[in-house]
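Chemist: One structure coming up, written as structure tokens, with questions to follow.
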Amino acid sequence: MPCWKQIAERYLPWILWRGHEERELDEEIRFHLQQEQNLRVERGEAPTAARQAAHRDFGNVRRVKEVTREMWSWTTFESILRDGRYAFRQLRRAPGFSAVAIATLALGIGANSAIFSVVDAVLLKPLPYPEAERLVTIHEALPEASYLNASWPDFLDWRAQNRAFDDIAVFQPNTVKVRENGEPVMAPAAFVSASLFTVLGTKPALGRLLSAEDDRAGAPPVVVVGNSFWRKALKSDPDLSGKTIEIGGDDVTVAGVLAPEFRLPQVEADVYLPIGRMMSGSESFTDRGNHPGLIAVARLRPGVTLDRARADMNTIMSRLALAYPASNRHETVKLALLPDVLLGPIRPELLMLLGAAALVLLLACANVAHLAMARATTRQREFAIRGSLGAGRGRLIRQLLTESTLLSLGGGGIGVLLARWTVGPLVRLSPYQAPGLADAHVDSRVLLFTFLASLTAALLFGFAPIVQAAYSRLNLSLREGEMGRAGRRLRSALFVAEVAIALVLATGAGLLLRSVSALLHVDPGFHADHLTALGVVRNGGPADRNLQYFTDAVDRVAHQPGVSASAAVMCPPLSGTCWTSPYWGQGQSATGNGQLPWTALNMITPGYFATIDTPLMAGRAFMDGDTAGSRPVAIVNQTMASHLATAGNAVGKLLHVQYSAHELLEVVGVVPDIKQFGVGVPVMPEVYVPVAQMPVNFMTVVVRSTGASGVAARQAALAMRSVDKEQPIAQVTALSEAILQSAGRQRFAALLLSLFGFVALSLAAVGVSGMMAYTVTRRTRELGIRIALGARRSEVLSLVLRQGVRLVLYGVLTGLSLAWMLTKLVRNLLYGVQPHDISTFAAATLLLAICALAACILPAWRAAHVDPIEALRHE
């Protein structure tokens, strides 16, 4: 039976019949009184005397009712309802206090609910794969290259020889040209082995998935499409029989449609093609020494641990090293659980943000506790009278808890609305690519979290007035309304806690802001302003035709109005991807892949470095005469030049790059290091070769404009379409935005922590000011007497300020200690600054001290200007 039905069956009768029982009790009492009166009248007594005697013998009617009610069920619940009604009336009588308390709690609870909605969607909800804890990623490694994608022959051997996995699959992210609504567009794609969908445990929403027959070279072309692509390109047509889509100029049969929740790990794809088609078109794809971007994923057999799977795969790699020493002698294999791969990098950051939000809530609770204690002090006489009339401390504490709960639930309700408004922008600003992030929203789980957070907050800030009520002395309360020593100590502790929490958040925000500043001031090796990149992927066609397209496209773009220069590059700056290859310099011997250093390999057109405003450090740039028939040449970055020539110039040196079209290259130029993988990522050696000597089918046209980048990008796209109207643009990126995006994790964390820090400083300043104002109000009589006895106003000002400064100092010392321990949690987000950076700690401390002391000045000034006559008259 559903839970709500059980609740209804248990509680509805009481709700509906409690009034009926009250009426029956009244009728029964009246019946007994009337019966007793009638008997006395029959015995000869006068009616008035008989009625008075009947009431006298029956006793106190109200007391009888109370005793009877105590014998009923659910009396505690009824008492709680009465406390709730009384608490609501009390809060309604203090609208200012209620509004400020609810608004403060709404900020803290809303921040926690918003962050928790993201944490819940990403970290707590299961990955969209059945038994995801059994999924494992596999990649290869060499002593000089810690990460290599799988090679196709190694993958086939893994599948055939392993005893730890149900199956192993590979996929390669790619981009293909498709025709959508009659227009050619570039769609994210993945070439996959037929076993992939089985390994990931997915089922089709329509049709079928890929089979082993589809994966064979030369099989009829078929495709499986993603759900969003099916809705967009196929108009959600449920009939797939005979359906085809044009991919790369060929009609491909649609075999099936995937479920809406399916996602490839770390990759976005709309179409899924059998990887066998790629195999048939590339000899290098089957080269055991080549690692063509294949991502391997496997499913552990039931009961097999990750350590056992590692041992099994290490055994296989040992066999392969003996069988194929030229390519596999030094290769190892790395395994990791898929949940750790997908969530491991972002888990600490999300938990750090959730912890920061929790600190904001604690600060909000401390602030409301100050308000509640001040208000409870004004009610000490009320509590004392209620206690004198028989109300125990337990009843008074329950009343205070009820008021705290009402305030907290009110703040939680508004906090839910704030979370609903902020989750969307939070997800859009987030730089993370994680499963479930796009689905983050306020659902029943978030509502439950908000409810629990509200109850926790009620206990936290309700504790202070409870201590005050529990330790106050009734006779003193009746006489003066004083709070007592315990209350004063608790109030000071809250003061210190507010300052400490604010300092922790301010320090964390300061470290991240310094990191963002350092990242944005890193020299990327090029001038990003007015520089736009337009990515193009050519599907099919001979190499010379693709080369001609890029040459013509660059030429036409260069002649567009507002364009000062253009060129093409295979891997543009900050793209995060690049071909890599083992290399060795002149006079060195090839000792095998495992002992060779690796370099990035990039193809460019002449004029590339001039377009991105990167100056030559030595030698010359590429020229139109560097063609397929001329001497193979290369330009290297500064890091590579230092490896080739420890003393002297690298120009003129010969360089062996294993995976280049020409293994022996002559270095003709040196350029500064260019950031390829992110502004905060160390630069690796890089070799540039003319694209005419090593043609590729995908390049990015970079455009330097004299005006707005957006206008130049549109003109460049039109010029490129004029070369080939069937060639769509895959991606358009402003490189100035790419620099900002490369610091996205730090910017996102810095933004949220700065927001939390600002809220914390504001709440701390308000709390400090309120606490000092309350203290001055309670000491008005004392200060008036001091002034009346001759104390100078400066002495009174110093007296009050000393109390505030002492508590601020305690808070700063506590906050510095906590910050020193907690800033280690943001170590992975820092760049160019250490977690214990003294200048950041000093700046945060100074900022907080200024805010706190400024908050103390106004109450202290009021204390120094107390009129002793008015103060004593008031008392």
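Chemist: Based on this model, can you work out whether Glu261 counts as at pLDDT below 90 and under 30 Å from the mean Cα position of the chain (by Cα)?
Modeler: It is true that Glu261 is at pLDDT below 90 and under 30 Å from the mean Cα position of the chain (by Cα).
Chemist: Taking Ala326, is it part of a helix (DSSP H, G or I), open to solvent by 30 Å² or more (accessible area, probe 1.4 Å), modelled with pLDDT under 90 and not acidic (Asp, Glu)?
Modeler: Considered against the rule, which asks whether it is part of a helix (DSSP H, G or I), open to solvent by 30 Å² or more (accessible area, probe 1.4 Å), modelled with pLDDT under 90 and not acidic (Asp, Glu), Ala326 comes out as yes.
Chemist: Next question, about the same structure. In segment 723-731, is there at least one residue being outside the structural domain of Ser566 (by TED's automatic domain parsing) and in a strand (DSSP E or B)?
Modeler: Yes, the conditions are met somewhere in segment 723-731.
Chemist: In segment 548-564, what count of residues is obtained for those that are part of a helix (DSSP H, G or I) and either open to solvent by less than 20 Å² (accessible area, probe 1.4 Å) or of a type outside the set (D, E, K, R) (or both)?
Modeler: 8
Chemist: Answer with yes or no whether Arg786 is modelled with pLDDT under 90, charged (D, E, K, R) and either surrounded by 20 or more Cβ atoms within 10 Å (Cβ to Cβ) or assigned to a helix (DSSP H, G or I) (or both).
Modeler: When the stated conditions are applied, Arg786 passes them.
Chemist: I would also like to ask the following. Which one is surrounded by the most Cβ atoms within 10 Å (Cβ to Cβ), of the residues in segment 655-683 that are more than 22 Å from Pro573 (Cα to Cα) and in contact (Cβ under 8 Å) with a residue 40 or more places away in the chain?
Modeler: Leu655
Chemist: May I pose another question? Inspect all residues belonging to segment 219-236 and state whether any of them is outside the structural domain of Ala434 (by TED's automatic domain parsing), in contact (Cβ under 8 Å) with a residue 60 or more places away in the chain and not acidic (Asp, Glu).
Modeler: Checked against the condition, which is being outside the structural domain of Ala434 (by TED's automatic domain parsing), in contact (Cβ under 8 Å) with a residue 60 or more places away in the chain and not acidic (Asp, Glu), segment 219-236 yields no hits at all.
Chemist: Continuing with the same structure: Just need a number here: residues in segment 727-749 that are surrounded by 18 or more Cβ atoms within 10 Å (Cβ to Cβ), modelled with pLDDT of 85 or more and of a type in the set (D, E, K, R).
Modeler: Counting residues in segment 727-749 that are surrounded by 18 or more Cβ atoms within 10 Å (Cβ to Cβ), modelled with pLDDT of 85 or more and of a type in the set (D, E, K, R) gives 1.
Chemist: Quick one: would you say Ala369 is at pLDDT 75 or above and part of a helix (DSSP H, G or I)?
Modeler: Yes; evaluated as a whole, the condition is true for this residue.
Chemist: Still on this model: Do you know which residues across segment 336-365 are crowded, with 18+ Cβ neighbours inside 10 Å, of a type in the set (Val, Ile, Thr) and assigned to a helix (DSSP H, G or I)?
Modeler: Correct list: Val360 only.
Chemist: Of these, Ala765, Ala863, Ala773, which one is hydrophobic (A, V, I, L, M, F, W, C) and either modelled with pLDDT of 75 or more or not in a helix (DSSP H, G or I) (or both)?
Modeler: Ala765
Chemist: Follow-up question, since we're still on this one. Criterion first (on the phi > 0 side of the Ramachandran plot, open to solvent by less than 50 Å² (accessible area, probe 1.4 Å) and at pLDDT 75 or above) does Gly424 satisfy it?
Modeler: no
Chemist: Same structure, new question: Just name the residue that is surrounded by the most Cβ atoms within 10 Å (Cβ to Cβ) out of those in segment 519-547 that are on the phi > 0 side of the Ramachandran plot and at pLDDT 90 or above.
Modeler: Gly525
Chemist: Of the numbered conditions (1) in contact with a Lys or Arg (Cβ under 9 Å, 6 or more places away or on another chain); (2) under 27 Å from Ala628 (Cα atoms), Val681 fails exactly one; give the number of that condition.
Modeler: With (1) in contact with a Lys or Arg (Cβ under 9 Å, 6 or more places away or on another chain); (2) under 27 Å from Ala628 (Cα atoms) applied to Val681, the lone miss is (2).
Chemist: Shifting gears a bit: Of Ile245, Ile275, which residue is among the β-branched types (Val, Ile, Thr), surrounded by 15 or more Cβ atoms within 10 Å (Cβ to Cβ), more than 37 Å from the chain's Cα centre (by Cα) and at pLDDT below 95?
Modeler: It is Ile245.
Chemist: If you don't mind, there's one more thing I want to ask. Would you confirm, using the coordinates I've provided, whether Phe97 is surrounded by 23 or more Cβ atoms within 10 Å (Cβ to Cβ), touching a helix residue (DSSP H, G or I) at 6+ places or on another chain (Cβ under 9 Å), over 30 Å from Ala321 (Cα atoms) and aromatic (Phe, Trp, Tyr)?
Modeler: No.
Chemist: Let me ask something else about it. Of the residues Val696, Val668, Val687, which single one is over 29 Å from Arg747 (Cα atoms) and either of a type outside the set (A, V, I, L, M) or not in a strand (DSSP E or B) (or both)?
Modeler: Val696
Chemist: Still on this structure, please answer the following. Output yes when any residue across segment 573-580 is part of a loop (DSSP other than H, G, I, E, B), within 30 Å of Gly249 (Cβ to Cβ), open to solvent by less than 10 Å² (accessible area, probe 1.4 Å) and not assigned by TED's automatic domain parsing to the domain that holds Ser762, and no when none is.
Modeler: Scanning segment 573-580 turns up no residue that is part of a loop (DSSP other than H, G, I, E, B), within 30 Å of Gly249 (Cβ to Cβ), open to solvent by less than 10 Å² (accessible area, probe 1.4 Å) and not assigned by TED's automatic domain parsing to the domain that holds Ser762.
Chemist: Further, regarding this structure: When only residues in segment 698-726 that are aliphatic (A, V, I, L, M) and open to solvent by 10 Å² or more (accessible area, probe 1.4 Å) count, which is farthest from His521 (Cα to Cα)?
Modeler: Val723
Chemist: Can you tell me which residue within segment 90-140, out of those that are within 30 Å of Pro292 (Cβ to Cβ) and at pLDDT below 90, is nearest to the chain's Cα centre (by Cα)?
Modeler: Only one residue tops the list, namely Leu127.
Chemist: Considering each residue of segment 822-841, count those that are at pLDDT below 90 and not in a loop (DSSP other than H, G, I, E, B), and give that number.
Modeler: 8
The values are calculated or read from the model by the stated rules, or taken from the named source; none is laboratory data. The structure presented is a predicted model; accordingly, all values stated were derived computationally and were not measured. All Cβ positions, even for glycine, are placed from backbone atoms using ideal geometry, and neighbour counts span all protein chains on display. Surface areas here come from the heavy atoms of the whole protein model, side chains and all, with no ligands, DNA or RNA. Shrake-Rupley method; radii C 1.70, N 1.55, O 1.52, S 1.80 Å.
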